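Read through the structure below, which is laid out as structure tokens, and then see the notes.
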Amino acid sequence: MYILAIESSCDDTSAAVLKDDILLSNVTASQAVHEEYGGVVPELASRAHQQNIVPVVHAAIKRAGITKDQLSAVAFTRGPGLLGSLLVGVSFAKGLARGLGIPMIEVNHLQGHVLAHFIKESEEDHHQPDFPYLCLLVSGGNSQIVRVNSYKDMEILGQTIDDAAGEAIDKCSKVMGLGYPGGPIIDRLARQGNPDAFKFSKPNIKGYDYSFSGLKTSFLYHLRDWVAEDPDFVEHHKADLAASLEKTVVDILMKKLRLAVKETGIRRVAVAGGVSANTGLRNAFRDHAKRYHWRIFIPKFSYTTDNAAMIGITGYFKYLDKDFASIDLPAYARMEK
Ligand code: KG4
């Protein structure tokens, strides 16, 4: 069985081909057009998806070494995400599936991130978590602790009540004038800085929920005071600022995760989403594995940010259940579904 998967929820156009649960190709076109605006501009994103989708799908099928007539199904991200971006992938998937006379499979983008750990690159690839496991899903739009009971059964134990972790990092990077997206820039700078140089406020929220808006405000106010005294403050201290910010975010994330592990008794712990590319967070996972005997699952870099491979593996499990989508379903921007 060959599945073509399409992801277009934000600013990456991605297509992947899987043979059963083995990944044959995963092609992603990112959109540099947003850099000068310091954030994703939805209208530009959907236009870029329109330009990219045909060559990206074509390249994924070619790299997989098959032809489109061999495809068994088309999986696609239905949501959540930017509606204009989603519409490009959803419409393309509908047209292709209808043209080839094969079923379509709708995939929830977040479920894709959580199941990215099941992507296999070869038959010998056996590093997949057993159920149940906990997944820290951290991206530009989400910060959640998910209890994954099976491929289909996932329970959100806690989530952000305001900003996502990646969003907070990106905004702090922006106020420092460091560019967009801030995550990789902060990561790079943090490696040369002192994580204990500055202290920023941490939220005090009950249960497993997160909050990052207080950190963002605390960062902004501190920076404003420091810059008032020394206009070159950021230039002089950017590595320490990045390292301290990263440490604060990682501490906030890990504290709730430790609580979730303790209270559920589940020691299989995965991380997923764009922020899981972060070196400090990855190191914290390794440290927790040693210290608390967690069995950890950290995705390859290519499966952290948005990619179609994760949509493909989720589509594969849904294909086995014959969980197909109807041609008239709309994209959805939010999670209500
Ligand atoms: O999952 P993703 O590609 O997009 C969605 O939000 O769906 O995540 C993007 C987020 C951005 O906030 C970006 O700054 C962050 O992931 N990110 C990182 C790193 N790489 C990407 N954050 C911290 N460290 C990184 N190395």
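The values are calculated or read from the model by the stated rules, or taken from the named source; none is laboratory data. None of the values given here were measured: they were computed from a predicted structure. Don't worry about glycine lacking a Cβ; one is built from the backbone with ideal geometry, like all the others, and counts go over all protein chains shown. Calculation scope for accessible area: heavy atoms of the full protein, side chains included, ligands and nucleic acids excluded. Shrake-Rupley method; radii C 1.70, N 1.55, O 1.52, S 1.80 Å.
Can you name every residue in region 210-233 that is part of a loop (DSSP other than H, G, I, E, B) and either exposed (fewer than 14 other Cβ atoms within 10 Å of the Cβ) or out of contact with any Pro (no Cβ under 9 Å at 6 or more places or on another chain) (or both)?
Filtering region 210-233 down to residues part of a loop (DSSP other than H, G, I, E, B) leaves 211-212, 230-232.
Result: Asp230, Pro231, Asp232.
Identify all residues within region 118-136 that are of a type in the set (Phe, Trp, Tyr) and either open to solvent by less than 40 Å² (accessible area, probe 1.4 Å) or over 19 Å from Gly315 (Cα atoms) (or both); write none if there are none.
Within region 118-136, the subset of a type in the set (Phe, Trp, Tyr) is 118, 131, 133.
Those that are of a type in the set (Phe, Trp, Tyr) and either open to solvent by less than 40 Å² (accessible area, probe 1.4 Å) or over 19 Å from Gly315 (Cα atoms) (or both): Phe118, Tyr133.
Exactly one condition in (1) out of contact with any strand residue (DSSP E or B) (no Cβ under 8 Å at 6 or more places or on another chain); (2) on the phi > 0 side of the Ramachandran plot is not met by Thr279; state its number.
Result: Thr279 fails condition (2) only.
Residue check, Pro42 against (1) touching a helix residue (DSSP H, G or I) at 6+ places or on another chain (Cβ under 7 Å); (2) at pLDDT 95 or above, all met but one. Which one?
Among (1) touching a helix residue (DSSP H, G or I) at 6+ places or on another chain (Cβ under 7 Å); (2) at pLDDT 95 or above, Pro42 violates only (2).
Is it the case that Ile327 is hydrophobic (A, V, I, L, M, F, W, C), more than 16 Å from the ligand (Cβ to nearest atom), at pLDDT 95 or above and part of a loop (DSSP other than H, G, I, E, B)?
Values: hydrophobic (A, V, I, L, M, F, W, C): yes; more than 16 Å from the ligand (Cβ to nearest atom): yes; at pLDDT 95 or above: no; part of a loop (DSSP other than H, G, I, E, B): yes.
No; evaluated as a whole, the condition is false for this residue.
Being over 24 Å from Ser30 (Cβ atoms), touching a residue at least 60 places away in the same chain (Cβ under 8 Å) and surrounded by 12 or more Cβ atoms within 10 Å (Cβ to Cβ) is the filter here, so list the residues in region 289-326 that pass it.
Within region 289-326, Arg295, Phe297, Tyr316, Phe317, Lys318, Tyr319, Asp323, Phe324, Ala325 meet the criteria.
Do we find that Thr248 is assigned to a helix (DSSP H, G or I) and away from the ligand (no atom under 14 Å from the Cβ) in this structure?
no
Among the residues of region 280-337, how many are among the aromatic types (Phe, Trp, Tyr), out of contact with any His (no Cβ under 9 Å at 6 or more places or on another chain) and farther than 18 Å from Ala116 by Cβ?
Of all residues in region 280-337, those among the aromatic types (Phe, Trp, Tyr) come to 285, 292, 294, 297, 301, 303, 316-317, 319, 324, 332.
Now drop any that are not out of contact with any His (no Cβ under 9 Å at 6 or more places or on another chain), which leaves 285, 292, 301, 316-317, 319, 324, 332.
Checking the rest, the ones that are also farther than 18 Å from Ala116 by Cβ come to 292, 324, 332.
Number satisfying all stated conditions: 3.
Just checking, which of Gly89, Gly112 is part of a helix (DSSP H, G or I) and farther than 30 Å from Ser213 by Cβ? Walk me through it before giving the result.
On the way: Gly112 fails: farther than 30 Å from Ser213 by Cβ.
So the residue among Gly89, Gly112 that is part of a helix (DSSP H, G or I) and farther than 30 Å from Ser213 by Cβ is Gly89.
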